[in-house]
Structures are given as C-alpha cells and as structure tokens.
Protein chains: 2
Amino acid sequence: MIPETKQTNEEIIPTELIIKKAVEVICGKWRMIIIHLLREKVLRYGEIKRGVPGISEKVLVHELKQLVELGMVEKESFGEVPPRVEYRLTDKGRTILPVVDLLKEIGQAFM
Amino acid sequence: MIPETKQTNEEIIPTELIIKKAVEVICGKWRMIIIHLLREKVLRYGEIKRGVPGISEKVLVHELKQLVELGMVEKESFGEVPPRVEYRLTDKGRTILPVVDLLKEIGQAFM
DNA sequence: TGTGTTACCCACCAATAGGTAAGTAAGCAT
DNA sequence: ATGCTTACTTACCTATTGGTGGGTAACACA
C-alpha cells in the first residue's frame with residue numbers, strides 16, 4: 001500500500017487524505033446545489049435563496065461564507081440600501097463542476 | 001429554470017433532487033475511502049479496517065451495511081470459526097469510481 | 001410616522017454522525 | 001481450563017449539521 005500521488009519536489013500526501021479533504025469540500029446537504037445554481041449566472045443572495053428551496057437562511061449564509069473562504073465563490077457587496085450582494089463562481093469553484101455533472105449522472109441510479 | 005433531465009416516458013425528476021440524492025450516496029467521512037480500497041481487491045472485514053486507519057468499528061460496520069443496502073457492495077460470509085467475511089464492489093458500486101478519481105484530482109487543490 | 005425592502009445576525013433547539021470501550025460467539029491450540 | 005482469533009454488537013457519549021423564529025440596519029416612499 002504505497003501512496004500513489006506525487007507532487008513535484010514536495011511532500012507526498014497519501015491518497016486517502018486527499019479523498020477525505022475532497023469529500024469535506026463537496027459535502028453538505030446544499031453545497032453542490034448552490035454551485036450548480038451559480039454555474040452560468042452571477043446571482044444575488046435572494047436569487048440563490050429562491051433557487052434552493054428548503055434551505056434555511058442561517059445555513060445559506062453559512063454555506064456562502066465557507067464557499068468564499070474556500071475560494072470557490074466571490075462575493076461583491078454594492079454599498080446600497082436596501083443591500084445588494086452578488087455571488088459568482090471563481091475558477092477554483094468551476095473545477096468542481098465536473099463533479100456536479102458526474103453526480104447528476106450517478107444520482108439517477110439511486111433514486 | 002426547466003428541469004433538464006429526461007427519463008423516457010417516465011416522471012421527470014428535478015436536477016436538484018438528483019444531486020441531493022447523489023450527495024447522500026457519496027458522503028460520509030469514510031465512504032469514498034472504503035470504495036477506493038475495494039476498487040481492485042476483494043477484502044475481508046479486518047483488511048478493510050486496517051486499510052482505513054482511524055475509523056471506528058461501529059462506523060465501519062454501519063458503513064458496510066449501508067453500502068450493501070445501496071447495492072454498491074456485496075458481502076459473503078463463510079460459515080467458519082473464527083468468522084471470515086468478504087466484501088467486494090458490485091457493478092453499481094463501480095459506477096462511482098469515476099467520482100473517486102475526480103475527488104483525487106480535485107482534493108489536491110484544497111490541501 | 002409607519003411600512004417595505006434586502007441581506008444578513010443571533011439564541012436556541014433537534015437530529016444525525018461519529019467515537020469509546022466493553023462484550024459476545026464458537027471453535028482451536030495450549 | 002485458558003486464551004487466541006475474527007467479525008461483529010451494545011450502551012453511552014460528544015460533536016457537527018441543520019432548522020426555527022426572531023431581530024437589525026438604512027433608506028425610500030406613502
């Protein structure tokens with residue numbers, strides 16, 4: 001059982017740790033749905049909320065914060081009142097769109 | 001926002017529900033690691049346990065049960081003492097190997 | 001003055017996931 | 001008799017996740 005993953009001139013991280021991290025990143029009841037929503041459009045907070053029916057405000061705010069922290073989403077606040085805040089996928093966020101697509105394929109088989 | 005997924009002559013399931021189900025199926029701290037372990041070998045319970053360091057017995061047993069229920073893993077008990085039990089990936093289980101591979105690629109970027 | 005708007009925050013609660021440590025069955029070797 | 005082996009089970013506990021229902025800022029408009 002030898003770690004298979006190489007990083008040029010850097011430490012070698014065992015596959016299981018990498019998978020664990022990736023699972024951390026993509027999991028959560030709503031996260032992939034939010035990413036999927038943001039796939040083609042820049043959306044305001046309220047638009048995301050309406051696009052993810054069933055999610056609570058607390059969780060949506062928390063998810064968006066984490067997605068920003070992870071570098072997957074960018075937040076832009078315009079200093080207006082009432083407030084206007086826009087969220088858009090970053091390039092890093094786009095790297096997980098293939099996962100979303102795979103999930104769409106695979107999910108069918110388990111319905 | 002029109003549901004994009006068609007099933008010939010069957011009900012149309014909204015994309016978000018499919019993604020949600022898929023996330024349910026693949027999530028859990030250890031599940032993808034177990035699947036990855038079983039990728040090329042049929043393994044006994046104890047071998048899996050040693051291959052997933054850190055997992056508790058309770059959780060491992062529970063995960064294996066769920067994977068069997070989901071049809072992703074097959075369990076074979078030989079009526080021996082001390083017991084011998086083998087676990088192997090099913091074809092259905094193999095359908096999520098592409099997800100594991102994607103996770104391996106993506107996980108890197110978030111380490 | 002009062003109401004609506006929007007994107008939040010907060011205190012509290014419930015459900016689920018995961019961890020710990022002990023025990024069990026049944027046979028074999030000592 | 002005793003202990004070793006293996007694949008579990010059980011009771012109990014903690015941590016994380018998610019949900020509920022309220023509040024707030026700051027301005028525009030009636």
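The values are calculated or read from the model by the stated rules, or taken from the named source; none is laboratory data. Bear in mind that the values here come from a model prediction, so they are computed numbers and not experimental data. Heads up, the Cβs are rebuilt from the backbone with ideal geometry, glycines too, and the neighbour counts pull from every protein chain shown. Surface areas here come from the heavy atoms of the whole protein model, side chains and all, with no ligands, DNA or RNA. Shrake-Rupley method; radii C 1.70, N 1.55, O 1.52, S 1.80 Å.
Starting from the label point of A:Val61 at 7 Å along Cα→Cβ, the same points in the other copies fall at 4.2 nm, in ascending order.
In a simple Cβ point-charge model (Lys, Arg +1; Asp, Glu -1; nothing else charged), chain A has a dipole of about 420 debye relative to its Cα centre. Here the range B:28-105 has 51 percent of its accessible surface on carbon and sulfur atoms, given a 1.4 Å probe and all protein chains in place. Distances between equivalent label points of A:Pro14 across the copies, with each point positioned 7 Å along Cα→Cβ, amount to 4.2 nm, shortest listed first.
On association of chains B and A, roughly 3800 Å² of accessible area becomes buried (total for both chains; probe 1.4 Å). For the residues B:Leu38, B:Leu67, B:Leu17, a GNM of chain B with alpha-carbon springs under 10 Å puts the largest fluctuation on B:Leu17. For chain A, what is the calculated [θ] at 222 nm in deg cm²/dmol (nearest 500), taking -39500 (n - 2.57) for each run of four or more DSSP H residues and dividing by its residue count? Using -39500 (n - 2.57) per qualifying helix, the result is -15000 deg cm²/dmol.
Note on B:Glu105 and A:Glu69: the model spin-label points, each 7 Å out from Cα along the C-beta direction, lie 2.8 nm apart.
Comparing the full protein assembly with the isolated chain (1.4 Å probe, heavy atoms, ligands and nucleic acids excluded), the residues of the range B:27-75 losing at least 50 square angstrom of accessible area are B:Ile33.
Within chain A, no whole DSSP H helix has Cα atoms reaching 24 Å or more along its own axis together with a mean Kyte-Doolittle score of at least 1.6. Expressed per residue, the C-alpha convex hull volume of the protein assembly as shown stands at 153 Å³.
With the whole protein complex present, A:Ser56 retains an accessible surface near 60 Å², based on a 1.4 Å probe. Across chain A, counting alpha-carbon atoms alone, Rg and Dmax equal 16.6, 58 Å. When chain B is turned onto chain A, the axis of that turn runs closest to one Cβ of chain B, and that residue with its distance in whole Å is B:Cys27, 2.
Ranked by the mean number of other Cβ atoms within 10 Å of their residues, highest first, the peptides B:88-94, A:27-33 fall in the order A:27-33, B:88-94. Relative to the Cα centre, the charge distribution of the protein assembly as shown, modelled as +1 at Lys and Arg Cβ and -1 at Asp and Glu Cβ, gives a dipole magnitude of about 340 debye. Take every pair of alpha-carbon atoms less than 8 Å apart whose residues are at least six positions apart; their mean separation over the length of chain A yields a relative contact order of 22 percent. When A:Glu74 is represented by a point 7 angstrom out along its Cα-to-C-beta vector, the spacings to that point in the other copies are 5.1 nm, nearest first.
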